[in-house]
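For reference, the structure is listed below as structure tokens.
Taken together, the values in this text are just the output of simple stated rules run on the coordinates, not laboratory data. Just so you know, these numbers come straight off a predicted model, no measurement behind them. Note that we place each Cβ from the backbone using ideal geometry, even for glycine, and neighbour counts take in every protein chain shown.
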Amino acid sequence: MRFTELQYGVLLVVAWLGFRALRHHRWFGVAWLTALSLGFYGSFDPRYLLLLGAATVLDYGVGARIGATEEPVARKRWLAVSIVGNLGMLGVFKYGDFVLQTLEAALSLVGVERTLPRLGLDLPIGISFYSFQTLSYSIDVYRRRIEPARSWLGFVWFVSFFPQLVAGPIVRASEMLPQLARLPRPDPGAIGEGVALVLVGLFKKMVLGDTIGRSLVDPFYAVPSRYNAAEAWLADWASYFALYCDFSGYTDIAVGSALCLGFVLPQNFDRPAFAPSPAEHWRRWHMTLGTWLRDYLYFPLGGSRGGPLRQWRNLFLVFFVSGVWHGVGASYVLMGLYNGVLAATWRLVRPEPGRGALRVVEGLVAFQLTALSVMALRPIELGRLREAVGALVAFDRPAGGLGDPVAIGLLVGVILLHLSPRRWRTRLLVEARTASPALLALAVVLVGGLCALYATEARDFYYFQF
């Protein structure tokens, strides 16, 4: 069940009606949402529920054991159980066959020809998100930043809450569990804002992102050697903003869905292409992953403390892990290496952004260098990636015909909207909070009808594969 399908709209309405009916019975309401969330996740593949259940049981138990002892060694051992368990599941299911394939290739380089067996495991949808979510709970309990969850049901709800389960935002127990202190009351303003966000997300994903992707991105990556440099640079920008519309559109739908039910999810995007440096760009893109890596990897490594080389190392490692987290394959490893070197080197060369016109120029350079890494954020072979990079300098190659005017117009519109003042979006959501039910219904019909025209060509959200 995808967010772009009518079934999801039905699920959201059913969740709201049941939750509203049970608002005076807190734990019945939580049980209702939890049951629907598990059903939503199981609709992709019922087997996925086993792994989700294992992660939930693991960290609920670890959190309880850490909270029950003051012995430092015992606390560290229980935390190690959580780290090994979560990263072990993620590693086996997501990277097992890739590691075996890489080891096979390494043996071949030294003259040992051997075919290693493959695990053949399907990648459970959302595992990269909920494994980080449950792991952060155990770490926060260990650091005494939160108390262990008192309710098993509440913890299951926190892990499985359907709007953010399969592709984020990556939420933390400190953000979500306090919202269960009492069930939220129906708030027409929050519902209006939530509906507006859902509609904005659907439009960004189905009309803008998918159209740009089909017309400008897919043809280029199918045969990169066919296109010249101008078309390659156009495809690079199209890749970036198509992915932005896809993922930020998903986030808008997730945040809006949660708001309709009375819950608040964290922000995940803040105009990343407007950032003055590569590191700042990734702090504004998938913000919950960035803050997760900052709090649980960058700071423990030492952060910005120490000399320049140590700072370079820490920043590089964070971006490398981010690249590997995104997917399985050599292209994702290259993405992590590239962004790690770029962000760490930029920090050494330009520790402070310039002012005025210089800041604008730096921002454009930072954006373009960062956008190049999107080429590697695709499940393509290295040979195809090499052809795509080579096309960027194919100035003498004849045009291949990449230039759909409608898609280019949409791309220009996306860029302009991306760079628009924040107050425009704020004003839209404020207006939505005070809009009448009739006006909201009209917006649903109009935007929903427009998106329905694109429904047959709608794609999976890109981050579902992570």
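Brief remarks on what is shown
- Difference of contour (0.36 nm per residue) and Cα-Cα distance, Val84 to Thr434: 121.2 nm
- Per-pair calculated FRET efficiency, R0 = 22 Å: Arg26 and Leu446 via Cβ, rounded to 0.05: 0.05
- With R₀ set to 25 Å, the beta-carbon distance separating Arg77 from Gln267 gives a calculated FRET efficiency near 0.10.
- Protection proxy ranking, highest mean first, for peptides 146-153, 197-204: 197-204, 146-153, where packing is the per-residue count of other beta-carbon atoms within 10 Å, averaged.
- Those trypsin sites (Lys or Arg not before Pro) in segment 25-77 that DSSP places in a loop and that have at most 13 other beta carbons within 10 Å: Arg47
- Our note on the geometry: Cα centres of segment 347-373 and segment 181-223, 29 Å apart.
- Residue-wise HN-Hα couplings along segment 432-444, as the Karplus relation 6.51 cos²θ - 1.76 cosθ + 1.60 with θ = phi - 60° gives them from phi, are 5, 5, 9, 5, 6, x, 5, 5, 4, 4, 5, 4, 4 Hz; Gly and Pro carry x.
- Cα centroid of segment 225-273 to Cα centroid of segment 136-154, whole Å: 32 Å
- Along the chain, longest interval not containing exposed GluC sites (Glu not before Pro), exposed being DSSP loop plus at most 15 other Cβ atoms within 10 Å: 114-380
- Counting only residues at least eight positions apart within a chain, or on another chain, the aspartates and glutamates with an alpha carbon under 12 Å from that of Lys205 are Asp246, Asp252, Glu457, Asp460.
- Close amide-amide hydrogen proximity is noted between Ser277 and no other residue 5 or more places distant or on a separate chain, at a cut-off under 5 Å (H modeled in the peptide plane; Pro and chain starts excluded).
- Across segment 6-183, C-alpha contacts under 8 Å between residues 6 or more apart give a mean separation that, scaled by the residue count, equals a relative contact order of 30 percent.
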